[in-house]
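FYI, it's all coordinate maths here, none of it is from the lab. Remember, it's a predicted structure, so these values are computed and weren't measured experimentally. All Cβ positions, even for glycine, are placed from backbone atoms using ideal geometry, and neighbour counts span all protein chains on display.
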Amino acid sequence: MNPADESNIRDRVEANGCNGFVGFYSTLPSSGLSDAIAGLSTKVETQIFDRERIESYLLKGAEGLHVAKRYFPKSMTAWMGENPKPAKIFSTHPCLTCHHCGKDLLNPVPAGIIVIWQRRDIDGKKHVDTVYWCCKGNCDRRLGESQRGKGLIDGWEDIPDVAIPLVFAKWVMVTLNEFQAGDTYSPLAFDRLKEFILSIYPYVARHPTESEIERMEGLMRIPAALGGLGY
Ligand SMILES: [Zn+2]
């Protein structure tokens with residue numbers, strides 16, 4: 001975009017009885033045009049939306065995404081594939097807060113680590129004493145200090161890794177195999193494990209269909225012992 005492409009901005013603003021000028025451009029405005037618009041800003045309000053600014057507004061929130069999906073279906077399918085959003089499984093957005101500083105580790109995208117402290121019993125069986133999640137670095141160190149001296153050894157996984165569908169499936173399988181082999185969890189560690197799995201699950205699941213939502217409502221009404229949902 002050059003000054004010649006956008007001539008007489010001030011005259012056009014005044015002729016239309018307007019107070020400002022907003023330019024929407026699919027390319028970057030040339031420095032000549034940017035200067036011309038900047039020069040006007042003392043007289044009329046000006047704003048420029050170039051392609052990057054337009055894109056960032058569209059991708060910022062649910063409303064923008066809705067518009068983008070409608071008008072740019074091809075580009076959005078590719079973008080959504082590379083920028084997966086958690087599936088709408090539960091009524092609230094999944095959330096895991098750092099056990100040290102309280103930061104939400106799942107927003108805007110998964111970050112941090114899950115740490116598992118365990119000991120080997122004499123019979124070789126593993127007993128998981130503590131499970132928590134936290135930011136990498138300082139929060140991890142501070143929480144680790146409080147566990148030392150208990151005869152426990154720690155293991156950890158990157159939360160973004162566990163949110164990869166195949167890694168998640170593998171991680172759950174390893175945990176189930178360990179239960180089958182006789183490993184045990186403290187009640188707190190077991191509750192935390194369940195909370196973690198449920199929080200990561202929307203990142204590896206798909207949105208339910210309308211008929212599945214209806215079916216789920218039915219299953220929720222049936223007690224777990226009779227085949228309904230429960231955990
Ligand atoms: Zn933290």
Name the single residue that is farthest from the ligand (Cβ to nearest atom) among those in region 122-158 being of a type in the set (S, T, N, Q) and loosely packed, with under 14 Cβ neighbours inside 10 Å. Ser146
If a residue has to be under 30 Å from Arg192 (Cβ atoms), surrounded by 12 or more Cβ atoms within 10 Å (Cβ to Cβ) and more than 16 Å from the ligand (Cβ to nearest atom) to count, how many in region 58-104 make the cut? 9
Near pairs, Cβ below 8 angstrom, 6+ apart or cross-chain, from region 12-32 (farther than 11 Å from Gln47 by Cβ) to any residue that is of a type in the set (Gly, Ala, Ser): Val13/Gly20; Pro29/Gly23
Which one is surrounded by the most Cβ atoms within 10 Å (Cβ to Cβ) among residues in region 198-221 that are assigned to a helix (DSSP H, G or I) and within 15 Å of the chain's Cα centre (by Cα)? Ile200
